[in-house]
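What follows is one structure encoded as structure tokens, with my remarks underneath.
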Amino acid sequence: MINFLKGLAVWSLFTLVVAIGVHFATVRYLPDFVMGRLNDKLTRQVPVNTMQYPARPDASARAVVKPSPDLLYAICAYDVSAGPVRVTSPVPKSYWSLSAFAGNTDNFLAINDAQAGGEKVELILVLPGTQLSNPEMLPVIETQSPIGVILTRSLITSEEDFPALDALRRQATCAPYTEEVE
Amino acid sequence: MKFLMKIVLSLLVALMAGFISAYLMIEKNSAASAVRNGSWAINTNIGAQDTDPYVKAHVALHALLALNKSEAIYFVANEDQEGKPLQGGCTYKVTGQSIDARWWTITAYGSDDFLIPGGEGHFAVSVNELGNTKFSFPIAPSLKAGTTGLVTAEAAQFSLLLRTYNPSPSLLNDPASAALPVIQKESCDD
């Protein structure tokens, strides 16, 4: 009987320790897992570091939870592990923002139309410590992780303005940057 | 053989317990760390780098690609004024006054966190339609075309998300005291 209880205690302790490990690993790595799945989804049909222009969200929009039907999005799955990535976007006259998300969902950059200070935003995403010649003197943003997502949001102010706004957001780009210094 | 079976059984139980407890804690901890204001809950740590790992996991599941508070804050309502879950078969009246932000909008989502099928033209209402004054709009299983309001027929339960972009300092610093819309149940389908 004592041996049985001892055995039960050992197995229970083993199970508990593993369960605690699974619990904390799930909480810690769930954001990376979900962002990884989103990156996979975004790069299934187009290469990484390419801007995409999804349709205005409706009930069929299933790529990302809680899409806003008031906004037009442009989205790019970036990967700076092979080199910097250049992101450009025109800035419309209504509410607009450009944001960057790390591989663990952290929102490490957000610029809106009022902060943009012009009709166009251009920036370079790099891994921390990357040296750039950057002759155009573009803002350089160090990413928190090699992969992540760039997202622009453009407010649809009216149905009449929709075609012009849609055309403008389709000018946003995301592509490898090639001015890196040896 | 018996030893191997014990290990397999133990690992199965541990995996189940680990996943289930993580899921429950992610849901519960996020609710517990949110600031309440009537039917609405807000967590201003969304998107922040130094936030609680449970909140971060909750964002991954329910608010992926949400902006941090420097740009926007989000209020979520899962219940009406009396604390009852929001149901797709019921009609509600939402009343409020303009919210202190550059732009704001209220969107209805099904329990899967996506826009509710059948709600075309009535997925969201914003300051564009409601204006910067006192407002009132319905949430109902169906609405006439052209009516300002939200349609929720095909959702058993739903939630509302109030997005506030570029919130004023007072809204950002004290969301618990903000005058937020009141969600009042009027009737339910039998």
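The values are calculated or read from the model by the stated rules, or taken from the named source; none is laboratory data. What you see is a predicted model, and the numbers here were worked out from it, not measured in a lab. Cβ: placed from backbone, ideal geometry, glycine included. Neighbour counts: every protein chain shown.
Data overview
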| item | result |
| --- | --- |
| A:I141 being at the interface with another protein chain (Cβ under 10 Å from one of its Cβ atoms) and either closer than 27 Å to B:I116 by Cα or in contact with a Leu (Cβ under 7 Å, 6 or more places away or on another chain) (or both) | no |
| Residue list for segment A:49-74, filter: among the basic types (K, R) and under 19 Å from A:W96 (Cα atoms) | A:R56, A:K66 |
| Single residue of segment B:68-85 satisfying the filter (out of contact with any Pro (no Cβ under 8 Å at 6 or more places or on another chain), assigned to a loop (DSSP other than H, G, I, E, B) and closer than 19 Å to A:P67 by Cβ) that is modelled with the highest pLDDT | B:E71 |
| Total residues in segment B:104-151, condition facing chain A (nearest Cβ under 10 Å), crowded, with 21+ Cβ neighbours inside 10 Å and outside any strand (DSSP E or B) | 4 |
| Tally of residues being more than 8 Å from chain B (Cβ to nearest Cβ) and part of a helix (DSSP H, G or I) across segment A:34-76 | 6 |
| Residues of segment A:104-124 satisfying the condition of being within 11 Å of the chain's Cα centre (by Cα) and surrounded by 21 or more Cβ atoms within 10 Å (Cβ to Cβ) | A:N104, A:T105, A:D106, A:N107, A:L109 |
| Subset of segment A:137-179 [out of contact with any strand residue (DSSP E or B) (no Cβ under 9 Å at 6 or more places or on another chain) and among the small types (G, A, S)] | A:S158, A:A164, A:A167 |
| Sole exception among (1) buried (at least 16 other Cβ atoms within 10 Å of the Cβ); (2) within 11 Å of chain A (Cβ to nearest Cβ); (3) closer than 19 Å to A:P57 by Cβ for B:A101, by number | (3) |
| Filter pass, B:L65 being at positive phi, at pLDDT 95 or above, out of contact with any Pro (no Cβ under 9 Å at 6 or more places or on another chain) and buried (at least 20 other Cβ atoms within 10 Å of the Cβ) | yes |
| Count of segment B:86-98 residues which are away from chain A (no Cβ under 14 Å) and either among the hydrophobic types (A, V, I, L, M, F, W, C) or in a loop (DSSP other than H, G, I, E, B) (or both) | 6 |
| Verdict on B:T44 being over 17 Å from B:Q184 (Cα atoms), in contact (Cβ under 8 Å) with a residue 40 or more places away in the chain, more than 7 Å from chain A (Cβ to nearest Cβ) and in a loop (DSSP other than H, G, I, E, B) | yes |
| Failed criterion for B:M16 (all others in (1) within 12 Å of chain A (Cβ to nearest Cβ); (2) of a type outside the set (D, E, K, R); (3) under 30 Å from B:V94 (Cβ atoms) hold) | (3) |
| Every residue from segment A:86-109 that is more than 9 Å from chain B (Cβ to nearest Cβ), closer than 26 Å to B:V55 by Cβ and in a strand (DSSP E or B) | A:L98, A:A100, A:L109 |
| Residue within segment A:149-166 that is more than 26 Å from A:T43 (Cα to Cα) and of a type in the set (K, R) present | no |
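For (1) β-branched (V, I, T); (2) without any contact (Cβ under 8 Å) to a residue 40 or more places away in the chain, each residue gets a yes or a no:
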| position | (1), (2) |
| --- | --- |
| A:V46 | yes, yes |
| A:P57 | no, yes |
| A:D70 | no, no |
| A:I75 | yes, no |
| A:T88 | yes, no |
| A:N107 | no, yes |
| A:I111 | yes, yes |
